[in-house]
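Reviewing the structure listed below.
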């Protein structure tokens with residue numbers, strides 16, 4: 001960022017700044033298009049699985065208590081996206097851009113299969129309402145992260161520590177089954193991922209300036225930026241669904 005600030009003070013800065021701004025806008029549009037495409041793919045796959053008993057029975061079975069429980073194949077579907085996130089994060093520099101895209105779309109499709117249960121558990125109307133509330137919240141915070149002059153680095157680090165905390169709390173609550181703890185985790189989850197949306201947006205913007213005009217790096221950065229925002233959106237949606245979702 002310091003180099004960029006120095007550049008805009010030099011002769012010809014107006015042209016350079018305009019070029020960078022146009023490039024940044026194109027980059028952010030690419031990021032949002034990837035994210036939107038991934039969300040659409042996730043939603044379509046989830047809906048198809050939820051409305052196909054044959055597909056749904058592959059990944060879920062009804063427990064004696066009447067609760068959907070993952071089958072062995074279901075556990076593979078649930079854990080595979082996590083493996084792909086780590087694979088993409090640690091190997092993207094060694095991947096071609098096309099391979100990175102394929103991994104990204106595969107991840108979105110697997111997440112969709114794993115989320116098929118929400119169409120079984122919750123009404124379609126409440127899912128749609130929650131989605132639009134999530135979209136409005138996400139849009140406002142992403143716009144803030146894009147336009148703010150405030151450095152959100154410290155804020156993001158604090159939120160990341162909070163994220164680790166709620167993950168631990170969720171694991172503990174598997175055994176405790178505490179409704180109060182579940183409520184607290186849900187509230188904190190919405191707040192944390194809402195804040196991370198602004199942080200990730202600013203980080204995408206800053207990274208674009210840091211890597212310059214390397215088209216290959218910019219292409220891969222767009223995929224990773226879309227993945228970060230996709231995860232923010234998805235988690236806001238899932239935590240909000242705990243409050244706003246009407247069970248069938």
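Residues in the range 179-203 that are farther than 20 Å from residue 157 by Cβ and either touching a helix residue (DSSP H, G or I) at 6+ places or on another chain (Cβ under 9 Å) or surrounded by 14 or more Cβ atoms within 10 Å (Cβ to Cβ) (or both): 181, 182, 183, 184, 185, 186, 187.
In the range 41-57, the residue that is nearest to residue 217 (Cα to Cα) out of those that are surrounded by fewer than 16 Cβ atoms within 10 Å (Cβ to Cβ) and touching a helix residue (DSSP H, G or I) at 6+ places or on another chain (Cβ under 8 Å) is 44.
Condition check for residue 206 on (1) surrounded by 14 or more Cβ atoms within 10 Å (Cβ to Cβ); (2) touching a helix residue (DSSP H, G or I) at 6+ places or on another chain (Cβ under 8 Å): one failure, at (2).
Examine the range 153-168 for a residue that is in a helix (DSSP H, G or I) and touching a residue at least 60 places away in the same chain (Cβ under 8 Å), and state whether such a residue exists.
no
When we screen 232, 200 for residues that are under 20 Å from residue 112 (Cβ atoms) and under 15 Å from the mean Cα position of the chain (by Cα), the only hit is 232.
No value in this document is a laboratory result; all are computed from the given coordinates. This one's a predicted model, so the numbers in the text were calculated from it and none came from an experiment. Heads up, the Cβs are rebuilt from the backbone with ideal geometry, glycines too, and the neighbour counts pull from every protein chain shown.
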